[in-house]
Amino acid sequence: MTRTLPDTIFGLAASDIEPTLEFARWCDAHDPLAQHRDAFEIPCDATGKPLAYLVGNSLGLMAKATRARIAEELDDWSKLGAEGHVHGKRPWIWYHEQFRAGLAALAGAKESEVVAMNTLTANLHFMLVSFYRPQGTRRKILVERGVFPSDRFAVRSFVAAHGGSVESDIVEIAPREGEECLRMTDIEAAIAREGASLALVLLSGVQYYTGQVLDMARITTAAHAVGAKCGWDLAHAMGNVELHLHDWGADFACWCSYKYLNGGPGAVAGAFIHERHHANPPPRLEGWWGTNQATRFAMGPNFDPAPGADAWQVSNPPILSLAPLLASLEQFQTAGMARLVAKARAMTGFIEIALRAKAPSRVRIITPSATSERGCQVSIEIEGTTTDAKAKYDSLLPRGVVCDFRHPRVIRAAPAPLYTRFEDCWRLVEALA
Ligand SMILES: Cc1ncc(COP(=O)(O)O)c(C=O)c1O
């Protein structure tokens, strides 16, 4: 490489990017976050060569410290039994408190506004109980037509179970004919049009199929302007893009921890509830773990709520499913979200430029190009039939590239910046080409 390049990948401009393996290796050698990869187990092929693992948007990789974190809990359980609740290395009664600082930093929240609990779809139901409160003619929920099916099922079943009309109480917004992504102006227009009939706007911060990042601040403001609540599914946003839920004023948000947060399969999820709902909370589902620790074991008949988002917990948390998250959050803390976002932008920019140079014309990125509208996921649409697209997808794994496929024609590639190399991005481009 003869050109003068910046000292690190963080100074790269699009014009610096060259679609070559040599350039990818230069990037890896000048990546200030490169050492984080060593903190993760990287799956390998049959010959022991690391796979280009680009499905952190589906299941994040395991931090090496995970085994130790789980083993500590197994040790305490085996040696202390029930005493582990108070005398363990990390006593189980207070175990979930360890996640507050890390989750709050990633969510852009106050520590009192976040809680690690349940699973994502369960939390959506919990939040609907509190924040979808149809009254009089204000009863509609605005959702996206292409939303992840579980959210759709949650909203539809919730409305039906509470005596609403799935047909008239749920308003769907979709991309325009011939487009893949939502337009901000269309979302704002839909909110304004529904106006006082709107009880809740519930959207995904990052769309699972296209990878589009919505302007959560603007949409939250628009929802509040018509008197509606605003909540976010952050399954693909937590640990992927910078979030400022408190300042944006979102009413609530839910996320899962098995994607970018590397919490492991089925890991404990999380929720954000803005502090303005803490003092005079809306109705919520209650259980003993939502009560004040000081009085919880008095076993009294009344619900004495824990402060903040903790009051939305219902059960004592599954410690073994929380432990992996500790190991991963340590990595986020040292890497810092701003640097992870900068690296993700450099990697998706590299994929885009290299794909344009190398891949056949029937391969097209549908994720928006603007860096503010994408995280680390690139959704690649394969022209032709679903069978053609699936065949293309099936050809990747034998070449050592792990992506995922979403019906009808999209290959999703997510170079999670904690452990992905530019060389892995290059392997994707080469495999597609
Ligand atoms: C956007 C979105 N919402 C909801 C879910 C469902 O998550 P869970 O099975 O953890 O409830 C997923 C799972 O991938 C998702 O991507």
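The values are calculated or read from the model by the stated rules, or taken from the named source; none is laboratory data. Quick caveat: nothing in here was measured; it's all calculated off a predicted structure. Neighbour counts run over all protein chains shown; Cβ positions are idealised from the backbone, glycine included. To get the accessible areas, we keep the full protein, side chains included, count just its heavy atoms, and leave off ligands, DNA and RNA. Shrake-Rupley method; radii C 1.70, N 1.55, O 1.52, S 1.80 Å.
Rounded to the nearest 20 debye, what is the charge dipole size of segment 70-332 about its Cα centre when +1 sits on each Lys and Arg Cβ and -1 on each Asp and Glu Cβ?
On the way: 21 positive and 29 negative charges, 109 e Å.
The calculated dipole for segment 70-332 is roughly 520 debye.
Axis of helix 337-358 versus longest Cα principal axis of the chain: the two differ by about 40°, to the nearest ten degrees. Here the gap between ALA14 and THR295, fully extended at 0.36 nm per residue and compared with their Cα-Cα distance, gives a gain of 95.4 nm.
How would you order 235-243, 7-15 from highest to lowest mean count of nearby Cβ atoms within 10 Å?
235-243, 7-15
Where a ≥ b ≥ c are the square roots of the eigenvalues of the C-alpha gyration tensor, would you call segment 283-410 rounded, which needs a/c under 1.5, or, failing that, prolate if a/b is larger than b/c, or oblate?
Details: a/c = 3.14, a/b = 2.43, b/c = 1.29.
Note, shape of segment 283-410 comes out prolate.
Tally Lys/Arg at +1 and Asp/Glu at -1 over every other residue whose Cβ is under 11 Å from the Cβ of VAL143; what's the total? Computed value for this residue: -1. Cross-link partners for LYS110 among the aspartates and glutamates, with Cα-Cα distance under 19 Å and sequence neighbours closer than 8 places in the same chain left out: GLU97, ASP233, GLU242, ASP247, ASP251, GLU275, ASP310, GLU330. Using the Cβ-Cβ distance between ARG276 and ILE93 with R0 set to 35 Å, the FRET efficiency works out to roughly 0.80.
Between the residues GLN207, GLY48, LEU12, the greatest Cα displacement towards the positive end of the dipole of the chain, with unit charges on the Cβ of Lys, Arg, Asp and Glu, is found for GLN207. Backbone phi angles across segment 304-313, fed through the Karplus curve with coefficients 6.51, -1.76 and 1.60 (θ = phi - 60°), yield HN-Hα couplings of 9, x, 5, x, x, 4, 3, 5, 7, 6 Hz in residue order; Gly and Pro are listed as x.
Which length gain, in nm to one decimal place, applies between VAL166 and ARG67 when the Cα-Cα distance is subtracted from 0.36 nm times their residue separation? Write out the running numbers ahead of the final one.
On the way: separation 99, 0.36 × 99 = 35.64 nm, distance 4.52 nm.
Taking VAL166 through ARG67 to full extension adds about 31.1 nm, to one decimal.
For LEU80 and SER372 in the same chain, what is the full-extension length gain: residue separation times 0.36 nm, less their Cα-Cα distance, in nm?
Taking LEU80 through SER372 to full extension adds about 100.2 nm, to one decimal.
In the chain, taking the dipole from charged Cβ atoms about the Cα centre, the farthest positive-side position among PRO398, TRP94, SER328 is held by PRO398. Ranking HIS278, HIS125, TYR260 by how far each Cα lies toward the positive end of the dipole of the chain (charges on Cβ) leaves HIS125 at the top. Of interest is the spacing of the C-alpha centroids, which for segment 46-69 and segment 141-204 amounts to 35 Å.
For GLU330, GLU73, give the ranking by accessible area with the largest first, probe 1.4 Å. It would help to have the intermediate numbers written out before the result.
Details: GLU330 80, GLU73 5 Å².
The residues order as GLU330, GLU73, largest area first.
Only protein heavy atoms count here; on that basis, with a 1.4 Å probe, PHE297 has an accessible area of about 110 Å².
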